[in-house]
Amino acid sequence: MRELRARMERLTAAAALMDELATEWSTREHTGRADEGRITATVDAVGTLRALDIHPLSMRRLDGRALAEAVLTAVRRAEAAAEAAKEELLRGGLEAAGVPHVAGLLGDARRAFDERASSRGADRP
């Protein structure tokens, strides 16, 4: 019974820590750059585009297609930075809360999901 109570206390503490970390994480912004840093995209913690800055030199130097590709590259990099920060925060929070095995399971589940999603995309015509 004591062991069960101790586990419940650890889980409660872990939940409180994760709530605290999620609140902190939700205020973060992430940037991605392209065209030698002249194009900058900023996204919030969940990847929603908040700002896009395009230096005038990029608009003069790049044609429409290249400019669009550079903008997409900057946005994708910002989204990837947001996703990496989320994964790092989740893994670090779970490990700090004393439940690292859950972090490993989440990583395994994420990889399996990504593999299935990419294989289904390859099957489409």
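For the reader, a short list of remarks on this structure follows.
- Inter-probe distance in nm under a simple model that places probes 7 Å from Cα toward Cβ, at LEU72 and ARG5: 6.0
- Of MET18, MET1, the residue with the largest accessible area leads and the full order is MET1, MET18 (1.4 Å probe).
- Highest mean first, the peptides 63-71, 76-84 sorted by other C-beta atoms within 10 Å per residue fall in the order 76-84, 63-71.
- Rounded to whole numbers, the Karplus 3J(HN,Hα) couplings from phi for the stretch 6-16 are 5, 4, 4, 5, 5, 5, 5, 5, 5, 5, 5 Hz, using 6.51 cos²θ - 1.76 cosθ + 1.60 with θ = phi - 60°, and x at Gly and Pro.
- Each residue, LEU49 and GLU20, gets one label point 7 Å from its Cα in the Cβ direction; the gap between the two is 3.7 nm.
- When only the Cβ of Lys, Arg, Asp and Glu is charged (+1, +1, -1, -1), the dipole of the stretch 1-100 relative to its Cα centre reaches about 100 debye.
- Peptides ranked, highest mean first, by Cβ atoms within 10 Å: ranges 51-62, 2-13: 51-62, 2-13
- Shown is the FRET efficiency for ASP114 and ALA85, computed with R0 = 30 Å from the Cβ-Cβ distance and rounded to the nearest 0.05: 0.95.
The values are calculated or read from the model by the stated rules, or taken from the named source; none is laboratory data. Keep in mind the model is a prediction, meaning the values are calculated, not measured. Heads up, the Cβs are rebuilt from the backbone with ideal geometry, glycines too, and the neighbour counts pull from every protein chain shown. Side chains included, ligands, DNA and RNA excluded: accessible areas come from the protein's heavy atoms. Shrake-Rupley method; radii C 1.70, N 1.55, O 1.52, S 1.80 Å.
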